[in-house]
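Each reported figure results from applying straightforward, stated rules to the coordinates on display, with no laboratory input. What you see is a predicted model; the values in this text were computed from it and never measured. A quick note on method: Cβ atoms are made from the backbone with ideal geometry, for glycine too, and the neighbour counts reach across all protein chains shown.
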Amino acid sequence: MVNQCAGLGLLVEQMEAAGQPEAAAALKASHEKCLADHPLVEVPKSESPSLVIRTWNFGSALIRWGGAGFPTRSKREISKLLKICQSCEHLKENVCTKCGCQCNEKEQVMNKLALKTEHCPEKKW
Ligand code: SF4
C-alpha cells in the first residue's frame with residue numbers, strides 16, 4: 001500500500017521509489033496546503049509508476065537533457081545498456097517498472113537509454 005492524495009492522485013512514495021527523492025520532497029512540500037482538503041488515502045501499490053509519475057519523470061529527464069545540451073548515446077552504447085536492462089527483473093515489455101521509462105534499441109528521445117543524461121534508478125548502469 002502507498003499513500004495517495006485523494007485530490008490529485010500524487011503518489012509521492014512511488015516517486016521516491018523511482019529514484020526521485022528530491023522531486024518527491026518538492027512535490028510533497030508544494031502540496032501541503034492541499035492535504036488539509038484532500039487527506040492521503042491508502043491505495044494498493046501498482047507494479048509500475050502511475051501516469052503522473054511517468055510524466056513527471058519524463059519531464060525531469062527532458063529538462064536535465066536540455067540543460068546538458070541534448071547529448072545522446074551511440075547505437076553501441078544503447079545496445080550495451082539494453083543488454084543490462086534485458087537481464088533486469090524490472091523490465092516489462094521494454095518499460096522499466098522502476099521509473100516507467102521506455103528502454104529499447106531506438107535512437108530517439110522517448111528512449112531513456114538514448115539520453116546521455118539518464119541513468120538506471122537501481123544504479124545498474
Ligand atoms: S533502467 Fe535499471 S532498473 Fe530499469 S530496467 Fe534498466 S537496469 Fe532495470
- Given the peptides 58-71, 107-120, 83-96, arrange them by the average over their residues of other C-beta atoms within 10 Å, most packed first. 107-120, 83-96, 58-71
- Phi-derived 3J(HN,Hα) across the range 83-91 with the Karplus relation (6.51, -1.76, 1.60, θ = phi - 60°), rounded Hz, x for Gly and Pro, is 4, 5, 4, 5, 9, 9, 5, 8, 8
- Message: If amide hydrogens are placed 1.01 Å from N in the peptide plane, which non-local residues have theirs closer than 5 Å to the one on THR72?
- Response: LYS116
